[in-house]
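One structure is given here, and the rest of the page talks about it.
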Amino acid sequence: MLKIGLEHIPEPYRSVASTLLNTLQKMLGSNLISLVVYGSVAGGGEERQRPRYTNSSRRAA
């Protein structure tokens with residue numbers, strides 16, 4: 001399901017995504033097309049019991 005906006009991302013990940021977005025906007029300006037976040041955190045279903053390093057669905061490009 002496509003969700004648009006940072007309000008769907010739980011804290012503290014929302015703050016990190018917001019900082020990243022603001023930095024990319026300053027650096028790239030109108031060349032920034034989109035910032036796509038996917039995985040359990042993006043869907044609001046963060047898995048707290050699972051170690052962070054095993055979740056291969058979080059990548060930066």
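Rule-based calculations on the coordinates, nothing more; no lab input. Every value quoted in this text rests on a predicted model; they were computed, and no experiment measured them.
Along the stretch 14-19 the Karplus relation, 6.51 cos²θ - 1.76 cosθ + 1.60 evaluated at θ = phi - 60°, assigns HN-Hα couplings of 4, 5, 5, 5, 5, 4 Hz to successive residues, with x for each Gly and Pro. Maximal additional length on extending the Ser34-Arg14 stretch stands at 5.6 nm, based on 0.36 nm per residue less the C-alpha distance.
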